[in-house]
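Okay, structure first, notes after.
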Amino acid sequence: MKQLLFALVLTMFISCNSDEETDFVAKNELEITAYIEKNNLQAEKSNSGLYYVIDEEGSGVRPSASSEVTVAYKGYYSNGKVFDQSKEEGISFPLQGVIRGWTEGIPYFKEGGRGMLLVPAHLGYGNRDTRGIPGGSVLIFDIHLITVK
């Protein structure tokens, strides 16, 4: 009897957890599409749910998901509140060491490219608060891909 009760509670917990994530996916999708419409953006959507806007594709090398890059960026929420920003000269990092939205999104640009990544929570920091970013947050990044190594 205890095993049956434990299995039932575990199933309910897993179901509730899945529903919360699904709710964020749907909520993030609505938030992103409203932001795109409000700002009259020409955005593309990938199969993963990442939206990206290419203002300038760039003319240099296109990075792969395993490249090291230097990127100048500004990160903010859909309400415009900035949560992080690099200096103009950017910062260097391997694309395998950042959020999934960047690992996938930066390779849409070539060296010198500029644009925007609109990252749903499941490609960002997920559904839990992380480094001051509330769980379930849509993250928007203005990016300039400076160099690819």
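The values are calculated or read from the model by the stated rules, or taken from the named source; none is laboratory data. Computed from a predicted structure; not experimentally measured. When we count neighbours, we look across all protein chains shown, and the Cβ atoms used for this are built from the backbone with ideal geometry, even at glycine.
Numerical summary
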read-out	value
Number of positions in segment 111-149 that are of a type in the set (S, T, N, Q), assigned to a loop (DSSP other than H, G, I, E, B) and at pLDDT 95 or above	1
Some residue of segment 94-103 being in contact (Cβ under 8 Å) with a residue 60 or more places away in the chain, surrounded by 17 or more Cβ atoms within 10 Å (Cβ to Cβ), assigned to a loop (DSSP other than H, G, I, E, B) and not charged (D, E, K, R)	no
Residue selected from segment 56-66 under the condition within 18 Å of the chain's Cα centre (by Cα) and surrounded by fewer than 17 Cβ atoms within 10 Å (Cβ to Cβ), by the criterion nearest to Ala121 (Cα to Cα)	Ala65
Filtered residues of segment 71-91 (kept if in contact (Cβ under 8 Å) with a residue 40 or more places away in the chain, within 19 Å of Thr147 (Cβ to Cβ) and of a type outside the set (Lys, Arg))	Val71, Ala72, Tyr73, Glu89, Gly90
For Gly80: the one exception among (1) touching a helix residue (DSSP H, G or I) at 6+ places or on another chain (Cβ under 8 Å); (2) within 20 Å of Tyr35 (Cα to Cα); (3) assigned to a loop (DSSP other than H, G, I, E, B); (4) at pLDDT 95 or above	(1)
Unique match (being over 16 Å from Ser64 (Cα atoms), surrounded by fewer than 20 Cβ atoms within 10 Å (Cβ to Cβ) and either without any contact (Cβ under 8 Å) to a residue 60 or more places away in the chain or within 13 Å of the chain's Cα centre (by Cα) (or both)) among Pro134, Pro120	Pro134
